[in-house]
1. Cα-Cα over 31 Å: which of K145/K203; K147/K223; K56/K153; K27/K222; K61/K145?
2. Using only alpha carbon pairs under 8 Å that are at least six residues apart, calculate the relative contact order of the range 65-118 and give it in whole percent.
3. What is the sum of charges around K209, taking Lys and Arg as +1, Asp and Glu as -1, for the other residues whose C-beta is under 13 Å from the C-beta of K209?
Amino acid sequence: MFDRIAFRYDFMNRFLSGGIDVIWRRKAIKELAAISPQIILDVATGTGDVAIMMAKSLKPKRIIGIDISEGMLALGRKKIATLALDNLIELQNGDSEAINFPGETFDSITVAFGVRNFANLEKGLAEMLRVLRPGGKLVVLEFSKPKQWGFKKIYSFYMKIAAAGIGKWIAKNREAYEYLNDSVNAFPEGNDFLAILTKAGYKDAYLKKLTLGISTIYCASKKEINQ
């Protein structure tokens with residue numbers, strides 16, 4: 001599905017969100033600024049948007065992006081080459097539930113709009129914890145649902161009806177954007193997701209809601225060895 005919509009993926013993200021998704025990504029990345037991570041893993045990297053933004057703002061030594069969609073990765077590699085970031089960012093075909101790196105490899109891990117697509121959420125979180133270094137930080141940016149009654153109604157209509165129609169018109173794939181709405185509704189958001197992070201072994205889990213609750217930043221850390 002993601003291979004089929006890859007050619008319009010970046011445009012659809014900007015179009016459907018009115019460009020606010022770029023601001024959301026920047027805010028998520030800022031959650032890592034205080035720890036200055038040098039080796040970063042971007043899971044479900046897609047076309048590499050977050051990886052590219054981190055390269056510019058965090059100035060790490062290395063960023064690895066993984067995704068199961070080769071169509072997305074191909075576009076991401078072209079973007080990275082155009083920006084002459086090949087020496088800093090590497091995109092690989094990889095599965096969040098079987099990350100092909102040794103334990104305690106990365107200082108930080110990011111996932112933007114990807115965890116709701118994990119076939120096994122708990123397994124994906126456990127894998128990310130395994131490759132995260134002690135004291136390292138996980139930052140997840142994910143869609144959520146607004147709670148204010150009036151805005152909730154508008155949002156529901158937009159996601160269920162308008163987004164699917166726009167997806168059919170521009171990306172030639174209505175089903176992908178119907179899946180977007182279904183996956184957002186199915187995701188265990190808010191405090192439920194914080195509880196899942198804690199159960200998976202992360203510590204100091206917290207969240208920050210964005211734009212009236214349309215999306216949420218979730219952060220958690222891996223325990224230090226002496227804790």
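1. Working: K145/K203 25 Å; K147/K223 33 Å; K56/K153 38 Å; K27/K222 21 Å; K61/K145 36 Å.
Too far apart for the 31 Å limit: K147/K223; K56/K153; K61/K145.
2. Values: 33 pairs, mean separation 21.8, N = 54.
About 40 percent, as a whole number.
3. On the way: positive: K27, K145, K147, K208; negative: E142, E189.
Within the 13 Å Cβ shell, the charges total +2.
Coordinate-derived values only; no laboratory data. Treat the numbers as computed from the prediction; the structure is a model and nothing was measured. Every residue, glycine as well, gets a Cβ built from its backbone with ideal geometry; the counts of neighbours run over all protein chains shown.
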